[in-house]
């Protein structure tokens, strides 16, 4: 039976580049040929969540949210807008970072939808954060002598937002790759504004856990950290702040390896995409998936 | 797809064929092959091959069963593009030899028949007469994603079906499946919803249902919808859904029983529910419309009153940018407007020095 992939992303009414990472990861996955169709869908753009499934011919669909945390969007908005009427958050049985998959029937099209947890809470997201650090330092061995800050939005609307950040910071700390790893936030303690207070390392890589570059990652965070007075002036990579070299990576979601996380979500839901995963990891410089 | 149409016909003949004037039946004495132009029966396989060779009815059957996408909406759309339900094969093939053009929103789709079979040309309707050399040629239907993003001024288009599609591009030689993909990319889901409507199965979600399911920051829109009238929804539809703003034909109403008083437009493809832009704008209007009206006193000359009206009209109709620099006879002209501001605003930007009451 043909299998299709639908990626659900936020999109924007105002920012033309919000959809760019979604298109880019979809293209990477299309090129593997693992799915008969790969469709992008958006909350604020078109194809809208409401009408994405009717444009998909396959009877079996893997639906992967390109969102960072579990919560409002993944548990309410996406299931409602895709008309997954049987949905109940209990079907994921998640503690906030452990969503897996629920298989449901779309009410308007009758398609079987394997509704996956968001990319942001998948274990392989830790690899993407590390890959982002490699990319921004242009050093495949980056780690020793470096601190790593994983930056999230914080708890403004959703307590799981902080959980996802801390989850990956803890996992990366356990890798013993970086001298120090911290989870920092935009609107709660510990705050990214004081980034240099939290690190002894001279060099600190800062990776914001956001899907797309936009206001937060390109204006707010750089100014708050003191990389620049005004975001329009730009900043160096690295930029010296309080005697530390800050390697600011921009949104993690723009890293090509994100396509792998989308595929991992589909694989966990039963899609036959192992060869595609190997291909994407090879192309994006991450090497083979370890142990699974 | 690379199979020979005659081979395909012979392979299918035992099951019988009846399509667009072509009939093939398997009987005890051999095959019967019939089109409006010829009829033969008692054919063995070799004779069937001879009868079918180079027959446009056979080629037509093959295209629609082995080349064209087979899902209902895509198939029906491609059939509609060449008037397949109205034109018999010979007339249709004559027309396709010259190229048959159809408009879909701001798109012009031209299907034509070459040695390579049916090919599709896709471009902006305003470029219908533009020489190919002056258009940027594309092959990959996904290129349409970039074309859909910005208008001719380079401004971002948050609404794909806004009548602001950029010009200057062409997909000169698309295969059938890629044509539908490109159309989907420029006007997502329009083919599917058009097809559902033709089949009498369009699932319309009216304003009230759509607003009722909103949550989070959009949940506030429910408070604007008190079930005591729908004038506010008329204003929303007039503001956002007019043909000058969106090429979809609005089929949603206030609710199942209550039609809106404004026109839904003449678009080819339907709009089945208030879109995310309408909901986001309605959130802002919900907040603004919660305010109580106040009485302000201003003194304006009759011409100044008319000028305020002209400025509102020019902005609402997207005309402000097009008013000529020195056209001081237009109330919305920049110099005229700057003069009005210089005369009537105080240092805090208050009109006629009258402060806004909270």
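Between residue B:266 and residue B:203, how high is the FRET efficiency from 1/(1 + (r/R0)^6) when r is the Cβ-Cβ distance and R₀ = 22 Å? Nearest 0.05.
Efficiency for this residue pair is about 0.50.
Please give the Cα centre distance for segment B:22-53 versus segment A:47-61, rounded to the nearest Å.
Answer, in whole Å: 42.
Quick one: order B:194, A:87 by neighbouring beta-carbon count within 10 Å, fewest to most.
In increasing order of surrounding Cβ atoms, one gets A:87, B:194.
So what's chain B giving for Rg/Rh, alpha carbon basis, Kirkwood Rh from the mean inverse pair distance?
Reported Rg/Rh (Cα atoms, Kirkwood Rh): 1.13.
What number, in percent, do you get for the relative contact order of chain B if the mean sequence gap of Cα pairs under 8 Å and at least 6 apart is divided by its residue count?
Contact order relative to length: 9 percent.
Classify segment B:68-109 from the C-alpha gyration tensor, please: rounded if a/c falls under 1.5, else prolate or oblate depending on whether a/b exceeds b/c.
oblate
Would you report the distance distribution of C-alpha pairs in chain A as whole percents per 5 angstrom bin, up to the bin with the largest distance?
Per 5 Å bin, starting at 0, the Cα pair percentages come out as 1, 6, 13, 17, 19, 16, 13, 8, 5, 2, 1, 0.
P(r) for segment B:164-262: what percent of alpha-carbon pairs falls in each 5 Å bin, starting at zero?
Histogramming segment B:164-262 at 5 Å steps yields 2, 10, 15, 18, 18, 14, 10, 6, 5, 2, 0 percent.
Can you pull the mean other chain C-beta count within 10 Å for peptide B:273-280?
3
How big is the equivalent ellipsoid of segment B:272-358 along its three axes, where each semi-axis is √(5λ) from the Cα gyration tensor, reported in whole Å from largest to smallest?
Those come to 27, 22, 11 Å.
Using just the helices of the protein assembly as shown, give the 222 nm mean residue ellipticity in deg cm²/dmol: DSSP H runs with n ≥ 4 each add -39,500 (n - 2.57), and the total is spread over all residues, rounded to 500.
Rounded to the nearest 500, it is -9000 deg cm²/dmol.
Please give the peptides B:38-51, A:114-127 ranked by average Cβ packing (other Cβ atoms within 10 Å per residue), highest first, as a rough proxy for protection.
A:114-127, B:38-51
Any idea what log10 I(q)/I(0) is at q = 0.18, 0.19 Å⁻¹ for segment B:90-212, Debye with uniform C-alpha scatterers and no solvent?
Cα-only, vacuum Debye calculation for segment B:90-212: -1.01, -1.09.
For segment B:204-288, what percent of Cα pairs sit more than 23 Å apart?
Cα-Cα pairs in segment B:204-288 separated by more than 23 Å: 13 percent.
Write down the percent of antiparallel bridges among all DSSP beta bridges whose residues are both part of chain A, to the nearest 5.
Antiparallel: roughly 20 percent of the beta bridges in chain A.
Report relative contact order for chain A in percent, whole number only (criteria: Cα-Cα under 8 Å, sequence separation at least 6). Walk me through the numbers on the way to the answer.
On the way: 605 pairs, mean separation 53.9, N = 292.
Answer for chain A is 18 percent.
Have a look at A:154, A:270, A:226 and tell me which one the Gaussian network model of chain A (Cα, springs below 10 Å) gives the largest fluctuation.
The residue with the greatest mean-square fluctuation here is A:270.
Roughly how compact is segment A:108-195, stated as its Cα Rg over 2.2 N^0.38 Å to two decimals?
1.29
On each of the three principal axes of the Cα atoms of segment A:1-139, give max minus min coordinate, whole Å, ordered largest first.
48, 35, 32 Å, listed from the longest principal axis down.
Before anything else, pin down the relative contact order of segment B:69-195: Cα pairs under 8 Å, at least 6 apart, normalised by residue count, whole percent.
26 percent
For the pair residue A:57 and residue B:222, what calculated FRET efficiency results from E = 1/(1 + (r/R0)^6), where r is the Cβ-Cβ distance and R0 = 41 Å, to the nearest 0.05?
The formula returns an efficiency of 0.70 here.
Over 42 Å, how big is the tail of the calculated P(r) for the protein assembly as shown, in percent of all Cα pairs? All intermediate terms of the calculation are to be shown ahead of the outcome.
Details: 82104 of 210925 pairs.
The proportion of pairs with Cα distances above 42 Å equals 39 percent.
With labels modelled as points extended 7 Å from the Cα through the Cβ direction, what inter-label distance (nm, one decimal) is found for residue B:93 paired with residue A:202?
8.0 nm
Highest mean first, what order results for A:259-269, A:167-177, B:5-15, B:288-298 on Cβ atoms within 10 Å?
Working: A:259-269: 26.3, A:167-177: 17.5, B:5-15: 15.9, B:288-298: 8.4.
Ranked by mean Cβ neighbours within 10 Å, highest first: A:259-269, A:167-177, B:5-15, B:288-298.
Antiparallel DSSP bridges in the protein assembly as shown: what percent, to the nearest 5?
Taking every DSSP beta bridge with both residues in the protein assembly as shown, the antiparallel ones total about 50 percent.
What is the mean number of Cβ atoms from other protein chains located within 10 Å of the Cβ atom of each residue in peptide A:41-51, rounded to a whole number?
Mean shielding count: 6.
Roughly what percent of Cα-Cα pairs across segment A:125-254 reach past 27 Å? Don't skip to the answer; put the middle values down first.
On the way: 696 of 8385 pairs.
That tail contains 8 percent of the Cα-Cα pairs.
How big is the Cα convex hull of segment B:5-65 in projection, averaged over all directions, in nm²?
About 3.4 nm², averaged over all directions.
Given springs between every Cα pair under 10 Å in a Gaussian network model of chain B, which of B:261, B:243, B:313 has the largest fluctuation?
Result for chain B, Cα springs under 10 Å: B:313 fluctuates most.
With r as the distance between the Cβ atoms of residue B:320 and residue B:136 and R0 = 25 Å, compute the FRET efficiency 1/(1 + (r/R0)^6) and round to 0.05.
0.30
Only the coordinates and a few stated rules stand behind these numbers; no lab work does. Remember, predicted model here, so these are calculated numbers, not experimental data. All Cβ positions, even for glycine, are placed from backbone atoms using ideal geometry, and neighbour counts span all protein chains on display.
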